[in-house]
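Here is the structure we will look at, set down as structure tokens.
Throughout, read-outs are computed from the coordinates displayed, never taken from laboratory work. Keep in mind that this is a model prediction, so the values were computed, not measured. Virtual Cβ from ideal backbone geometry, glycine too; neighbours counted across all protein chains shown.
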Amino acid sequence: MISMRGHVVSITAVFLALALGVVLGSTSVSERLLTAVAGDAGSLREQVDELRAERAVLQARLADADGFSAAVGPRAVSGLLDGGSVVLISTPDVAPEQREQVRELLGAAGAEVTGALELTGGITDPSRVDQLRRVVTELLPAGAQLPTAADPGTLAGALVAPLALVDPADGRPRTSGEERAAAFAGLATGGFLTASPDLRPAQQAVVLTGGRPGADDAEDRAITLARFTTQLDAAGGGAVLAGAGAVAGTSVPVGAARADPSISSVVSTVDNLEAAAGRVAVVLALREQRDGRAGHYGVAANAQGPVPDERG
């Protein structure tokens, strides 16, 4: 008979054989897997290199196109706004160079930039609505009326419009220099905006914004700025709202304006402010506004095209 020790030795031998087989088998499988993975990795590296090369070519072409647009832009808009005047309004996320480039194009088009307003984040901050409402009520010029809508964008626009825009009916300022100075000082003290020295009312307004959604309340802020621009449009000779980044959603002001028919039917928008072609579109859209039309331009999915159609 086989002793207990023999049973133990036999069972141990069987398990050792199984373990050795598993090790040898797994080693063979691992080698095949490693070979296959190495091949896939090499193929993926080649694809990545090809995509990087394609991206470099596209970036070079884009840079060339932007350079061309920047070079011909002043000629393309020359004289389009002769005799006109514009107030330039911007939010904190607008790059200073973009604001200056728009100013230069407006000058090339023959428009006089009568001043600039730089809005702070406070004017679109949902937590400061009550404070903004009090400031608007206190600073509203004599003869001006508050709109029935109580949202912050409409209220802020109702205050800024008579300060920054002339009456389109007769081309005269709605406020005196003293009234404007006092109101702008109050808005600055409240932390809502700053005005350039000696800003004079203009016929039209351009509102420049960034384009990337930020805080959780980005949509509320975007709607506020869109409605603010609508008030400027209604009070003057037209307004253009321009942003960067070609974002189509309602978390950015341009997207919010385009999503609301009551705004998109009257305010023109441009979604690629960061591109030279987009800044040219701002001037062309402003001319369109002067002609009583509105449109939406840029490269986002909800744009009508890159620039206004000259055929109207």
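Odds and ends about this structure:
- Order of Val113, Val87 - criterion: other Cβ atoms within 10 Å of each residue's Cβ, fewest first: Val113, Val87
- Of every Cα-Cα pair in region 67-139, the percent that sits beyond 19 Å: 51
- Charge context of Val240, other residues only, Cβ under 14 angstrom, K/R +1, D/E -1: +3
- Dividing the convex hull volume of the alpha carbon atoms of region 79-297 by its residue count gives 105 Å³ per residue.
- Sequence-distant residues sharing a close amide H with Val307 (under 5 Å, placed H): Gly298
- Over all other residues within a Cβ to Cβ distance under 15 Å of Ile123, the charged ones net out to -2, with Lys and Arg as +1 and Asp and Glu as -1.
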